[in-house]
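Just so you know, all these numbers are worked out from the coordinates, no wet-lab data involved. Worth saying up front: this structure is predicted, and the values here are computed from it rather than measured. Here the Cβ positions follow ideal geometry from the backbone for every residue, glycine too, while neighbour counts run over all protein chains shown.
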Amino acid sequence: MTEALRRRLAKKLMRHAACIMPAREKNWGEAMQNELQVIEDDQVALHWAFGCVIAGYTERLSALLQSWYGRSALACLIALLAVREFFAPLLIFAYRMQYLGLAHFLGLRTAGDDYRRLIPVMDATPAWLPVLWVAAGLLYLVALWRMLRRADGSAAPFFLGFALELVGIGAVQSVQAATGIIITPNPIVRAAGVALTLAAGLLLWWATRKRTFAAN
Amino acid sequence: MGRRPIFSSQTDRLLAVLLKSPQAWQHGYALMKQTGLQSGTLYPLLVRLSDQGLLDAEWREADKPGKPPRHVYRLTPGGLAFAREQAATASKTTGALLGAKA
C-alpha cells in the first residue's frame, strides 16, 4: 500500500470514527480527527485511525446501552431467552399431566408443528433436565431484574444460566441420539440460538459494567 | 456503601503518565506514545475520566500554522488526588507481592 493511499484511508476512517461518535461526544470525535493532522508517519496515522474507529464504536455502543431504548431492547431479548428456557419444561409437563390442549398449542411452536413427534424424546428426558432449564430461565430473570435495577454484577447470574443451558444442550444431544429424533433439525437455528444468548450476555455485561473510576 | 474503584492496568498507565507532570497540558497523540495505549483504548478512557470530572480537556491552537486546533488534557484537582491514591495503592500492592515472594 502506498503512503498516499494509507493517508487517504486513514482520513476516511477518521471521518467515519468522528461520524459514529454519539452526539454528546462529537467534540471528542473532532479531537481525534485533528490529532491525525500532526501524525507525520502514514503507517502510524493509519493505525491511529483504526483505533479511533474502535473508540467510536465503543462509545456508540455504550451510549446505546445506556439509552432507554437500548436497555428496553436488551431487556426484551433477555426476557425472551428466559421464556425459551421455560418452553420445553412446560411442554413436558403438559404432556405428562395429559393437558393435551396445552401440549398441542405448544407443539405448534416446535419444528414439525406437532408435539407427538417429540413424545419419545419427552419420555426419555431425565427428570432433572427440565429442572435445569427452569433454573437457567430463573437465572436469566434474576439477571434481567438486576439490570433493570442497575445493580452491579448483573451479568454473573446470566452467565451462570448460560452455563446451565449449555449443560442442558449437551444432555439433549444424548437423549436425541438415544431416540433418533432431532428436536430442531436445522443446525443454523441451533447455533444461532446459542450465539444470540452469548451476544445477549456480552451486551448485558457491557451495559452493566462499572463505568465509575473514583469511589463515590 | 461507596463503589469500589476500577483497577485496570490501562487506567493506571494513563494516570501515571498524567501524574508525572500534573500541571502540563498533554495531547492525545503524546499520551498514546507515552502510555503505549492504542487510540481505541485511550480515547474511551479519556472520555470516562472527563465525564467524571477527573480530567480537564480544552482546545488549544496548533503550534504550526494551517493545522487545526488540538484537544489537550490534564488532571483536575480531584483527578490528581485520585491518581495519587491509585499510585499509592498500586505501590502497596506491588510491595506486598514482592514481600510475599521474598
Exercise for review: Please identify which residues in the range A:117-160 have an amide N closer than 11 Å to a label point set 7 Å out from the Cα of A:Arg96, following the Cα→Cβ vector.
Suggested key: A:122-132
Check your understanding: Of A:Val53, A:Leu9, A:Ala23, whose Cα points farthest to the positive end of the dipole of chain A (charges on the beta-carbon: +1 Lys, Arg; -1 Asp, Glu; origin at the Cα centre)?
Key -> A:Ala23
Point to revise | Inverse of mean 1/r across different Cα pairs in the range A:68-208, Kirkwood, Å | key: 15.8 Å
Review point. Taking the Cα centre of the range A:68-208 as the origin, how large is its charge dipole in debye, to the nearest 20, when only Lys and Arg (+1) and Asp and Glu (-1) carry charge on their Cβ atoms?
Key: 260 debye
Review point. How much length is gained on full extension from A:Glu40 to A:Arg8, taking 0.36 nm per residue of separation minus their Cα-Cα distance?
Key: 10.2 nm
Review point. To the nearest 0.05, what FRET efficiency results for A:Ala63 and A:His16 with a Förster distance of 22 Å applied to their C-beta separation?
Key: 0.85
Check your understanding: Among A:Asn186, A:Ala155, A:Met122, whose Cα lies farthest out toward the positive end of the dipole of the protein assembly as shown, if unit charges sit on the beta carbon of Lys, Arg (+1) and Asp, Glu (-1)?
Key -> A:Ala155
Point to revise | Global size of the protein assembly as shown as Cα Rg and Dmax, reported in angstrom | key: 26.3, 84
**Study point:** FRET efficiency for B:Ala96 and B:Trp59, using Cβ-Cβ distance with R0 set to 35 Å, rounded to 0.05
**Key:** 0.25
Practice item. Run the dipole for the protein assembly as shown about the Cα centre, Lys and Arg Cβ at +1, Asp and Glu Cβ at -1, nothing else charged, and hand back the magnitude in debye, nearest 20. Key: 380 debye
Revision key, fill the gap. Per the charge dipole of the range B:9-93 (beta-carbon charges, Lys/Arg positive, Asp/Glu negative, Cα centre), the residue among B:Pro22, B:Ser50, B:Leu37 reaching farthest to the positive end is B:Leu37
Review point. Using Cα atoms only, what is the angle between the long axis of helix A:68-96 and the major principal axis of chain A, expressed in degrees (0 to 90) to the nearest 10?
Key: 20 degrees
Exercise for review: Work out the mean other chain Cβ neighbour count within 10 Å for the residues of A:47-58 and drop it here as an integer.
Suggested key: 5
Review point. Mind ordering B:78-89, A:29-40 by average Cβ neighbours within 10 Å, highest first?
Key: A:29-40, B:78-89
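Under a Cβ-Cβ cut-off of 13 Å, what is the net charge of the residues other than A:Ser67 that fall near it, where Lys and Arg count +1 and Asp and Glu count -1? Please list the in-between numbers first.
Numbers: positive: A:Arg24, A:Arg60, A:Arg71; negative: A:Glu59.
Summing Lys/Arg as +1 and Asp/Glu as -1 gives +2.
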